[in-house]
Every structure is written in structure tokens, then in C-alpha cells.
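The values are calculated or read from the model by the stated rules, or taken from the named source; none is laboratory data. Note that this is a predicted model, so its numbers are computed, not measured. Cβ atoms come from the backbone with ideal geometry, glycine included; neighbour counts cover every protein chain shown.
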Amino acid sequence: MAAQRAGLREWLAVAAGTIGSFMALLDISIVNAALPTIQGEIGASGTEGTWVATAYLVAEIVMIPLSPFLVRLFGLRNFLLGAAVSFTGFSVVCGISTTLPMMIAGRVGQGFTGGALIPTAMTIIATRLPPSQQPIGTAAFGGTAILGPVLGPIIGGWLTDNYSWHYAFFLNVPVCAGLVLLLLLGLKHEHLRLDQLRHADWLGIAGLAIGLGALTVMLEEGQREMWFESAMIVKLAIATVFGFALIAVGQVRSSHPVLKLSLIFSRSFGSVFVLSLIIGVVLYGVTFLIPQFLSSMADYSALQSGKVVFVSGIPALMLMPFLPLAFKYLDVRLAVFVGMTLIGVSCAMDWHLTAQSAGGDLTNSQLVRGFGQIFAMMFLNQAAISAVAPEDAGDASALFNAGRNLGGSIGLALMATLQDRQTFLHFNRLGETVSANAATTQEWFAKAMSMPSGEAGAYRQLARQLLEQSTVMAYNDLFFALGVAIAITTPLALFLRPISSDTQMAMH
């Protein structure tokens, strides 16, 4: 029997979902390179300026798991059209912002509407394409998840350097115009189902907004506020627990929970969720660590660092055309296991950085990481779809993407906290090894004090050298920690559900 084939309309819908997802993921990091310039022009301090990025992330993480409910309420086309048009409007608000409150309001709006575009791409693939052609759609969507975060800093940096930071937001306007056209052509109109409001899981909806919102802000601000030494962080932790409690009650009491969390407790999809969480930790953690390291050790600009980060996206560009074929012949468990192993190896390659390391020393590890990410993430996308029934595709997509983004927030919080603590630890330990009575120490001080700055300058120079070495050692510790996290979770790949024999036959 001949395999089903999708028509032009279905492919236009997939293109719309993929473009929307890419745009939303790109905007997470596109402001990073332009942030210092934006802060100066809108009159924000360094701490206040971080909310330009945080506001988007918080809103997006809250919206992603709410998307399946809103799709059921408004219909897929209506929901995505509203999200795309609103995303355009909020992008313009960001681009014309002259004050911090105006910018944050625009970024919150971008986050909510962008968060609607990410999980619906997988839903379109799972519900609009036959099994034989789902791998093509999965490859396209998976590419956005890899390339979006690594292209963001480069595009943002280039636009800021050559034109203006405003264009990092205005860029969305023509893209959204094309997206709206694709949505109108690719998706059928569906009637509103406002009757679902009467039976909605309002406890779960409130819990997602309160719990995920508070958790994300807590993770973002925790290190700056010294964690639980801060009354604000304590209140956010209480709000997080309260929000998750509301979600749990909603799961039990509602006949139609806002999100089908029971999927996580199945062996196959639970493994997908945990692996996506850890990949989020590594993906966003590394894109934080490498620019920080190159800026402090090699004096790289944001654009130069972005180019180094982009190296990990090269394998995705190379392998993308071959992925549908790979889906046919590679066992999903083996592919994810190999991908996770390669990511772990790439972390191990960065355990031995020195104060003299620069971008070229990270090229090989970035390429290995890129190959690992494309195998792990692409096949996890496929595993997420095949692990659930078609009617659960929306919930599975929301959980999968929320897991990756939440892992990113956790990873950034852990990296920032461990970096400060490990640097402090190594600084003290290195200081303890410097003995005033040692001949080498006395010789070094005699030489340093002969300089014009004298004894005070010698102590400052010693402190700088100790700080430099302790900082490098802290970065090595962080890559080690990422490697250990990968090693612990990689065996979960063996619990993934293989693509069914019917699907395999259709693909052939």
C-alpha cells in the first residue's frame, strides 16, 4: 500500500510552524550582544538591564505549557495568527522603546506570544504530516532549536555594530508578515470553542502562571540576591511551591487538566522529558560559559564570542539534509545515546582550559558538541512524537519544549552560582599555597617590587594572577559538572520508545 503524502497546504503549515519557532527561539538570545548598548540608551543599570532578557524568558516559559489549552479554545490557526500579529506588535514596541519599563513590557509581550509559537510547530508536524514524512518536518523543527540560540548573538551583534540595536527587533516585522501569509494558506479555519472556558482547569492555569513564573525569576535572580539570604527569593520559593500545589490539585480535580502531566510518568516520554531538561542545561549553560570565558580571559567582544558559539551550529547545517534518511535507518535509542555521549565528550574536552586559551582552543569541542546536539535533539523530537498518541501531541510538545527551556533557566542559574563559588574557593586555596618563606615567593616579590608601583603594586599583581587562575579553574569545574550531568542521564536513552514498525514501513 502506498504511503500517504502530505499536500502543499500541509507543507505550508509546517513551514509556518518552523519559521515561527525559529523566530521565537532566536529572540531569546538576539538581544544579548546588544544589551550593553540598549542599557545605555534606555538609561538602565547593569542589574536592571538583565530584565530585558529575563522578562522574555519568564513569559515564554509560562506560555509554552498553556499553549495546548489555548489551541483547543481558539483553534490552531486563530491562535497562531493572534500570536504572530501580537509578536510583531510587541517587537515594534521593543524597537521604539526609550525607557526600561517600556522595553520590559514589550519583552514580556514577546515572550508570551513567542512561547505560543514554539510548541505548536511540533503539534503541526504530528497532526498534519503522515508518519512517512514526519521525519522531514522533525528535522526542520529540530534545526530551529539548535540554530536559534547560537545565531541570536551573531545576528544581534552584527545588526548593532553595523546599523542599530533597534533592527534586532524590527527584523521580526517582515518575517511575521510572511508567517501570517503561510498560516492563512496552510491551516484551515476552526471555530472557537469558548464553551471550554466553563470546564477549564483554572487551578492548573493559575498554578502554571504562578509556579513557573516565580521559579524562573528565582533562578534568574538567585545568585545576584544571594539566594535564600534574600527575603525576595524566599517569597519566590513559597510562590513556586504554591503554584505547583495548585497544578497538582488541578490534575486530580479537573476532568480536563490544562496540561496532561501524567505523560511524564510513562517510561518512554518521561525519559524524553528528563533528557530534554538536561540538554537545555547544557545548551544554554555552554552558550553562557563560552562568551563569559572569552570575554574575561581573551578580551573577546560579544560578536567575536558569538562566532565561536556558532561553530556548534555548523554540524546542524551540514547534516540537516540527511536527517530524514537517518530517521529511517537509525534506532532512536542508539542515536540519542551516541548524541548524549558526544555532548559529554565535548564537555570533557573543555576541562583543561588555561588562562591563555582563546576561541581557537574551543573549536574542536564545539564541533563535537554540535554533532552530539543534532543527534540527541533531533531524535528526541522524533521520540517525543512517537512516545504518545496523536491526540496527546500538543501536551507532549508543550512538555518537551518547556523542559528544554526550564533546563536552560536551571543551567544558567547553576552556572552563575557555581562560577562565583568555585572562583572564591580556588582563590582561597591558591592563596594558602603561597608561602612567604618560600624561596620562589621571595624571588617573585623581589622582582615585582622593583617595578615603579612598589610593594602595593606587587600585591595587586599577585591578587590578579590568583584571581585569573582561580577563574580558569572554576570554568573547568563547570564543564566537568556538565559532563557529569550528561553521563548520569545518558542511559535514559535506552528507555525511549523505538519508532513503531508501521511508521518505519510508511517511511520506507
Check whether at least one residue in the range 440-457 is over 30 Å from Ile136 (Cβ atoms), of a type in the set (Ser, Thr, Tyr) and either modelled with pLDDT of 85 or more or in contact with a strand residue (DSSP E or B) (Cβ under 9 Å, 6 or more places away or on another chain) (or both), and report yes or no.
no
Output the qualifying pairs, or none if there are none: Cβ atoms under 7 angstrom, residues six or more apart or on different chains, first residue in the range 464-477 and crowded, with 18+ Cβ neighbours inside 10 Å, second residue of a type in the set (Val, Ile, Thr) and modelled with pLDDT of 85 or more.
Ser470/Thr423; Thr471/Thr423; Val472/Thr354; Ala474/Thr423
Is there any pair linking a residue in the range 260-273 that is at pLDDT 85 or above to one that is of a type in the set (Phe, Trp, Tyr) and surrounded by 22 or more Cβ atoms within 10 Å (Cβ to Cβ), with Cβ under 6 Å and at least six apart or on different chains, and which?
Leu263/Phe269; Ile264/Phe273
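Looking at Ala34, Ala44, Ala53, which is the one that is in contact with a Leu (Cβ under 9 Å, 6 or more places away or on another chain), touching a residue at least 60 places away in the same chain (Cβ under 8 Å) and over 13 Å from Leu406 (Cα atoms)?
Values: Ala44 fails: touching a residue at least 60 places away in the same chain (Cβ under 8 Å); Ala53 fails: touching a residue at least 60 places away in the same chain (Cβ under 8 Å).
Among Ala34, Ala44, Ala53, only Ala34 is in contact with a Leu (Cβ under 9 Å, 6 or more places away or on another chain), touching a residue at least 60 places away in the same chain (Cβ under 8 Å) and over 13 Å from Leu406 (Cα atoms).
Restricting to helices (runs of 4 or more DSSP H) lying wholly in the range 25-77: which have 2 or more residues that are at pLDDT 80 or above?
Numbers: elements: 35-42, 46-49, 51-74.
Per the criteria, 35-42, 51-74.
Yes or no, residue by residue, for (1) of a type outside the set (D, E, K, R); (2) within 26 Å of Ala384 (Cα to Cα); (3) surrounded by fewer than 23 Cβ atoms within 10 Å (Cβ to Cβ):
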| residue | (1), (2), (3) |
| --- | --- |
| Pro131 | yes, yes, yes |
| Ala139 | yes, yes, no |
| Leu147 | yes, yes, yes |
| Ile154 | yes, no, yes |
| Leu159 | yes, no, yes |
| Tyr163 | yes, no, yes |
| Phe170 | yes, no, yes |
So Gly49 clears everything in (1) under 30 Å from His189 (Cβ atoms); (2) surrounded by 17 or more Cβ atoms within 10 Å (Cβ to Cβ); (3) touching a helix residue (DSSP H, G or I) at 6+ places or on another chain (Cβ under 8 Å) except one condition, right? Which one?
(1)
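Would you confirm whether or not the range 100-111 contains a residue that is within 30 Å of Val252 (Cα to Cα), in contact with a helix residue (DSSP H, G or I) (Cβ under 9 Å, 6 or more places away or on another chain) and not aromatic (Phe, Trp, Tyr)?
Applying the first criterion (within 30 Å of Val252 (Cα to Cα)) to the range 100-111 yields 111.
Checking which are in contact with a helix residue (DSSP H, G or I) (Cβ under 9 Å, 6 or more places away or on another chain) leaves us with 111.
From the residues that got through so far, the ones that are not aromatic (Phe, Trp, Tyr) too are 111.
Yes: the range 100-111 contains one or more residues that are within 30 Å of Val252 (Cα to Cα), in contact with a helix residue (DSSP H, G or I) (Cβ under 9 Å, 6 or more places away or on another chain) and not aromatic (Phe, Trp, Tyr).
Go through Ile385, Ile410 for me and flag whichever is surrounded by fewer than 23 Cβ atoms within 10 Å (Cβ to Cβ), within 22 Å of the chain's Cα centre (by Cα) and under 30 Å from Phe69 (Cβ atoms).
On the way: Ile385 fails: surrounded by fewer than 23 Cβ atoms within 10 Å (Cβ to Cβ).
On inspection, the qualifying residue turns out to be Ile410.
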What are the residues in the range 274-286 that are surrounded by fewer than 24 Cβ atoms within 10 Å (Cβ to Cβ) and either aromatic (Phe, Trp, Tyr) or farther than 19 Å from Leu399 by Cβ (or both), if any?
Tyr284
Select from the range 299-309 the residues that are at pLDDT below 85 and hydrophobic (A, V, I, L, M, F, W, C) and write down the one among them that is surrounded by the most Cβ atoms within 10 Å (Cβ to Cβ).
Val309
Restricted to the range 326-372, and to residues that are charged (D, E, K, R) and closer than 27 Å to Ala302 by Cβ, which residue is surrounded by the fewest Cβ atoms within 10 Å (Cβ to Cβ)?
Asp361
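Here's the yes/no breakdown for (1) over 17 Å from Leu171 (Cα atoms); (2) hydrophobic (A, V, I, L, M, F, W, C); (3) in contact (Cβ under 8 Å) with a residue 24 or more places away in the chain:
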| residue | (1), (2), (3) |
| --- | --- |
| Leu81 | yes, yes, yes |
| Val85 | no, yes, yes |
| Gly95 | no, no, yes |
| Pro101 | yes, no, no |
| Ile104 | yes, yes, yes |
| Phe112 | yes, yes, yes |
| Ala116 | yes, yes, yes |
| Ala121 | yes, yes, yes |
| Thr127 | yes, no, yes |
Before we move on, is Leu289 under 30 Å from Leu35 (Cβ atoms) and surrounded by fewer than 17 Cβ atoms within 10 Å (Cβ to Cβ)?
no
Could you please find all residues in the range 328-357 being under 13 Å from Gly372 (Cα atoms) and among the aromatic types (Phe, Trp, Tyr)?
Phe337
Count of the range 96-129 residues which are over 24 Å from the mean Cα position of the chain (by Cα) and crowded, with 24+ Cβ neighbours inside 10 Å:
0
Restricting the range 190-227 to residues that are among the small types (Gly, Ala, Ser) and assigned to a loop (DSSP other than H, G, I, E, B), which is surrounded by the fewest Cβ atoms within 10 Å (Cβ to Cβ)?
Ala200
